Amino acid sequence: RRPELGWARSRGPREELAELARGAGRQAFGAGLTEWSLWPLASAIHVVEFADDPAQEAATVVERALSPSATLCGQLPDAVGRVLCHQRRLSAFTEELLARLDATPALAEPVAAVEADLPGRMAEAWALGLDEGACPVFGQPPADVRGRGPRAVAPVVFTNVETGGRLLRLERPAPLLRLARVASDEEAHRLRDALVRDRGLERLELHSETTP
């Protein structure tokens, strides 16, 4: 019982969080639980289909993945972290994406990590990407960013990411954009649905009617 609370946040598997929310309603959280919501703690997945305009899709991905106006670059749950691109559009899409990134030098600058373990996760992702044969096409190796501070991270873009590899399955939000080639639009949507189904942690937010 915490009647003085008006808002709380936790994270974990969906089933455990749903039970926690039900318990909060029974235990008089705050002045009475008025709302609870679950949010995926995973980067968003963007699909580029054969009929899509590569330039427009690149603009959308840059805005949703590495927005130059946000100090939380890539770290919000809804930030795009994975792109599933039709194999006949990957080259053009990558070219447009890099042109937009290169036109905004600020996007390459390190930002402060919100979560303390993010620098370590970026280093592990860099090593994993190289091990799986993915190609870094934008950004600095995490080891080169350490001199900017213990919580400094810089955006990284990998292309030719294996659809069956672990790099594509890293879920937690990070300034880490991964481009994967798929054979068809149908395959892209099947893979996206499978990745969403298999996601792990989610975030629970509880809201009370008033804060005493």
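The values are calculated or read from the model by the stated rules, or taken from the named source; none is laboratory data. Owing to the predicted nature of the structure, the values given are computational and were not obtained by experimental measurement. Counting neighbours? That spans all protein chains shown, and the Cβs are built from the backbone with ideal geometry, glycine included. Just so you know, the surface numbers come from the protein's heavy atoms only, side chains and all, with ligands and any DNA or RNA stripped out. Shrake-Rupley method; radii C 1.70, N 1.55, O 1.52, S 1.80 Å.
Observations
- Accessible-area order (highest first, 1.4 angstrom probe) of the listed residues Asp193, Asp185: Asp193, Asp185
- Cut-off under 5 Å, modelled amide H: who pairs with Thr163 long-range: none
- Database remark: amide H of Val182 closer than 5 angstrom to the amide H of Cys85, His86, Gln87 (H placed geometrically; neighbours at sequence offset of 5 or more, or on other chains; Pro and chain starts carry no H).
- Neighbour-limited loop hits for trypsin sites (Lys or Arg not before Pro), region 55-138 (at most 16 other Cβ within 10 Å; DSSP other than H, G, I, E, B): Arg88
- Distances between placed amide hydrogens fall under 5 Å for Ala79 paired with Ala44, all partners being 5 or more residues away or on another chain.
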